[in-house]
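Step one of this worksheet: look at the structure below.
The values are calculated or read from the model by the stated rules, or taken from the named source; none is laboratory data. Remember, predicted model here, so these are calculated numbers, not experimental data. Glycine gets a Cβ as well: all are built from the backbone with ideal geometry, and neighbour counts include every protein chain shown. Each accessible area value is taken on the protein alone, full model and side chains, heavy atoms only, with ligands, DNA and RNA left out. Shrake-Rupley method; radii C 1.70, N 1.55, O 1.52, S 1.80 Å.
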Amino acid sequence: MKALTYHGSKDVRVETMPDPTLLSGDDVILRVTATAICGSDLHLYHGKIPETKHGDIFGHEFMGVVEEAGPDVTNVAVGDRVVIPFVIACGKCFFCENDLFAACETTNPDQGASLRKRNGMTPPAALFGYSHLYGGVPGGQAEFVRVPKANVGPFRIPGSLDDERVLFLSDILPTGYQAVLNAKVGQGSSVAIFGAGPVGLMAAACCRMLGAERIFMVDSERYRLDFAVSAFDVIPVDFSKVDSSEFILEQTGGRGVDASIDAVGFEAKGSTTETVLSTLKLETSSGEVLRQCITATRRGGVVSIPGVYAGFIHAFLIGDAFDKGLTLAMGQTHVQKFLPELLEFIEDGKLQPDIIISHRMKLADAAKGYEIFDKKEDNCRKVVLTP
């Protein structure tokens, strides 16, 4: 089969790889019909995620048709068309039974990204295509994928919905939705979303659906901000021209927004000091967006963090967060929990996630897709690949 593989920082290639086979009774083999490049894939592409090895197959946003099923698979059958959550969960452990699928303690043989490990500490769930910190499971930017725990993950899709309308149920739509729920957004809320990439745009869509009154969208790419204005009626904030938190405070009478959402993560553009510290390996994440969120959020508000972080940062304003009585909510997405209701929103027309797609390419051209997305060329918002 053909698959997108890693060979070092900014070196990905579509190569011929062995076809996957069933390894457990509850595995299925999926023929991929659509897959996408995610913003968090760029962390891998940049060589920023440890334990990413040469030949690893990327991709955690994908869907397709079940080609083969193990003898213990009861939830789906050969021929079913399904979306695959990027989180691999067993459905039976303490965390899965509490709908905390991203914390599944049985699927990941590795230790995750935690730096302060202790004996007996359980890892987070395995993830598709996301390094050997998270199971080393081959991802979905390929013609075929082995999907483990197929009684918990694959989600059947009605034939009336085409791939593009439902593909983002695999990650960015539930990620944006969980971030908005964590932020306690409701009718009349004010929200600041930092990052107008795919997750930020999905968060804006969900904020609008849930009745937010004012949505500030912070980014430095004009084309992204212009799209967010036209699609979701946001208030654009170009952080290359203004201090974003100061602007938001001015617009809210000094109080701040009810909630801020950090949809950027650890590769945010930081200060010169942070650039130096990162180069010297004295910090592993930029804290610039978190500082802006803490400043922009009102007392008693929420800072919701769907953006990926790893390791440690300097100048984390914990004192400011305490002084303001902020709630911090963060972590990987419990995708399986949200799929039924999100599918209903799509069927009812309340959410149209496919409107963010800007580029459609063949899997064979995936390396070029990564380059365009990374460099923000050709007004690229989201790349969808088809084998």
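Some notes on this structure:
- Cut-off under 5 Å, modelled amide H: who pairs with K382 long-range: S358, H359
- Gyration tensor over the Cα atoms of the chain: the corresponding equivalent ellipsoid has semi-axes (square roots of 5 times the eigenvalues, largest first) of 32, 23, 21 Å.
- Radius of gyration and Dmax over the Cα atoms of the stretch 24-160, both given in Å: 14.9, 49
- When the alpha carbon gyration tensor of the stretch 51-123 is reduced to an equivalent ellipsoid, its three semi-axes come out at 27, 18, 11 angstrom, largest first.
- Helix-only arithmetic for the chain: the sum of -39500 (n - 2.57) across DSSP H runs with n ≥ 4, divided by the residue total, places the mean residue ellipticity at 222 nm at -7500 deg cm²/dmol.
- Once backbone amide H atoms are built at 1.01 Å from N, M330 has I305 as its partners under 5 Å, excluding neighbours fewer than 5 places away on the same chain.
- Rolled with a 1.4 Å probe across the full set of protein chains, the surface gives Y177 an accessible area near 10 Å².
- Amide H contacts for A192 (H built 1.01 Å from N in the peptide plane; partners 5 or more residues away or on another chain; cut-off under 5 Å): F216, A259, S260, I261.
- Most to least accessible of K324, K184, K117 (protein chains only, probe 1.4 Å): K184, K117, K324
- A simple count of charges around R255, restricted to other residues whose Cβ falls under 9 Å of its Cβ and scoring Lys, Arg +1 and Asp, Glu -1, yields +2.
- Taking the chain and dividing mean pair separation by its residue count, relative contact order in percent (alpha carbons under 8 Å, at least six apart): 18
- Mean separation of Cα pairs under 8 Å and 6 or more residues apart, divided by the residue count, gives the stretch 1-153 a relative contact order of 30 percent.
- Karplus (6.51, -1.76, 1.60) ³J(HN,Hα), θ = phi - 60°, over the stretch 32-44, in Hz, Gly and Pro reported as x: 6, 10, 7, 8, 9, 9, 9, x, 6, 4, 5, 4, 5
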